[in-house]
Amino acid sequence: MIRKLFRDERGNVLIITAIALPILLAAFGLGFETANWYQVRRQMQNAADSAAIAAATNGSANYADEARAVAAQYGFQNGVNSTTVTVSNTATCPAGGKTCYSVSIQRNVKLILAQLIGYTGGATIGSSPAQMLLSSAVASQATQPRNYCLLALAGSGAAQGIRANGVPKADLNGCDVMSNTAAVCNGHNLNAGHGDAHGTSTGCGTTQTSNVPVVSDPYASRASNIPPNKCSSYYTKPSKKKDPNLPASNQLSGTISLSAPPALCGDVQLTGDVTLTGDSTVLVIYNGQLDLNGYTIKTASGKSATIIFSGDNTAGYTHGPTGSGTIDIAAPTSGNWAGVAMYQDPSLTSGVDISEAGNQPTWKITGLVYLPHSNVTFSGAVNKSSNGKSCFVMVVDNVTFNGTGSILAQGECNQAGLTMPQSQIPSRGKLVS
């Protein structure tokens, strides 16, 4: 009987099961909860990544609200279900600086079966033990370059660097515009691709972007290439019949080839059509205007020129083109004046306004027209030079569009030797860690 009892193993399984069951349940519970934590953390990481990108893309004062709203869409709402969403715009960037956007999501998850092996998790929900889960992401605000064919510097403090009322025929197709203050176009968007402004952009451009960083003047330094003024006196074109004519040196007509910039002192007047045949011709007019007088000044095929207005701010001088006629010039593609067709000395602040740009006279220009302190009324159509590329850029203090206001499409400024004004426009954020 005793021997049979020792040989009977039928109860052993129950004993082993009773001993092993708690261990099996604990292992199962820990595995289950670990898998659940992993799943929740993946969801949290996706939420943190998307929220950080949203904050960097937003880039404005309410970036944190934007980030928390995105996190909530993933089921992680700040202050709900033991969840904390922390957002900052002063995170350290991998490339240096502390301008990146960070999002951290913390959630405490109540323990269920893991307690069977004595695991407490290190956190609590109320009085219950919990596991603290954390995910974080850092993003930077990416930028993309944008070139402008019209830049209003607004150094005078003009509240609206670019403005237009009506102008249904204005056409800046293929052209982006930028104002260092506000840009306001009522009734027509100028048909410009992008209307950007450091202040508020309203109605200018098919796409309007406000709060764009100020674009600094990229051409002011070219003034160092202007030859010294050696004029001792300045001639003024006759305004009455009894006034003397301009001297021969200030009357231009026919074919002109110049090897060095002449000293044109005072007003210059065309007395016939002028063809400039020199390589990179530079015409410098000191304290005077260029009166087209109904004629055309143009560059010959394969040739180029820059017209410069310089001098001082003595009252009564006009520093710019006037009269009916046509300016048909292509800027040099290399050298000190590469890409520059017309240039007002940035030291000039009076006598620089232009009332009928593109119309009186007609502009057929390849290159830059630089009028940094000019209040410009744009009322004509600018086409490319007869012998130049399709490239036109105008830099002004401020501009008002009136009438036609048309600028040829841009596309060949690189070939024309001109680096266009550019800004870095904030774009979609990107993860950096």
- Task: Compute the signed sum of charges (Lys and Arg +1, Asp and Glu -1) over the other residues within less than 13 Å, Cβ to Cβ, of Leu252.
- Result: -1
- Message: Rounded to the nearest 20 debye, what is the charge dipole size of the chain about its Cα centre when +1 sits on each Lys and Arg Cβ and -1 on each Asp and Glu Cβ?
- Response: 1460
- Considering only the other residues whose Cβ falls under 13 Å of the Cβ of Val382, what net charge follows from Lys and Arg at +1 and Asp and Glu at -1? -1
- So for the chain: antiparallel DSSP bridges make up what percent, rounded to the nearest 5? 30
- Query: Just the accessible area for Glu412, please: 1.4 Å probe, Å², rounded to the nearest 10?
  - Reply: 60
- Query: With charges only on Cβ, +1 for K and R and -1 for D and E, what is the dipole size of the range 209-366 about its Cα centre, in debye, rounded to 20?
  - Reply: 280
- Residues whose modelled amide H sits under 5 Å from the amide H of Thr306, counting only those 5 or more places away in sequence or on another chain, are Thr281, Val282, Leu283
- Could you please state how large a percent of the accessible area of the chain is carbon and sulfur, counting protein chains only and using a 1.4 Å probe? 51
- The long-range amide H neighbours of Thr209, using H built 1.01 Å from N in the peptide plane and a cut-off of under 5 Å, are Gly195, Asp196, Ala197
- Query: Heavy-atom accessible area per residue, the chain, 1.4 Å probe: how many Å²?
  - Reply: 47
- By its C-alpha gyration tensor, with a ≥ b ≥ c as the square roots of the eigenvalues, how is the range 290-354 shaped: rounded for a/c under 1.5, else prolate for a/b larger than b/c, else oblate? oblate
- Give me the angle, in degrees from 0 to 90, between the Cα long axis of helix 63-73 and the longest principal axis of the Cα atoms of the chain, rounded to the nearest 10. 40
- Message: Rounding to the nearest 10 and keeping the result within 0 to 90°, find how far the Cα-based axis of helix 12-58 lies from the longest principal axis of the chain.
- Response: 10
- Residue farthest toward the positive end of the dipole of the chain, with Cβ of Lys/Arg at +1 and Asp/Glu at -1: which of Ser60, Gln131, Ala95? Gln131
- Would you mind counting up the charge near Ala197? Only other residues with Cβ under 14 Å from its Cβ, with Lys and Arg at +1 and Asp and Glu at -1. 0
- For the range 356-370, 3J(HN,Hα) per residue [Karplus equation, 6.51 cos²θ - 1.76 cosθ + 1.60, θ = phi - 60°, Hz, x = Gly/Pro]: 9, 4, x, 10, 10, x, 6, 10, 10, 10, 10, x, 8, 10, 10
- Message: Output wanted: per-residue J couplings in Hz (rounded whole) for the range 75-80, from phi through Karplus 6.51 cos²θ - 1.76 cosθ + 1.60, θ = phi - 60°, x for Gly and Pro.
- Response: x, 10, 8, 4, x, 10
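The values are calculated or read from the model by the stated rules, or taken from the named source; none is laboratory data. Since we're looking at a predicted model, the values are computed, not measured. All Cβ positions, glycine included, derive from the backbone under ideal geometry; neighbour counts span all protein chains shown. What goes into the accessible areas is simple: the full protein's heavy atoms, side chains included, and nothing from ligands, DNA or RNA. Shrake-Rupley method; radii C 1.70, N 1.55, O 1.52, S 1.80 Å.
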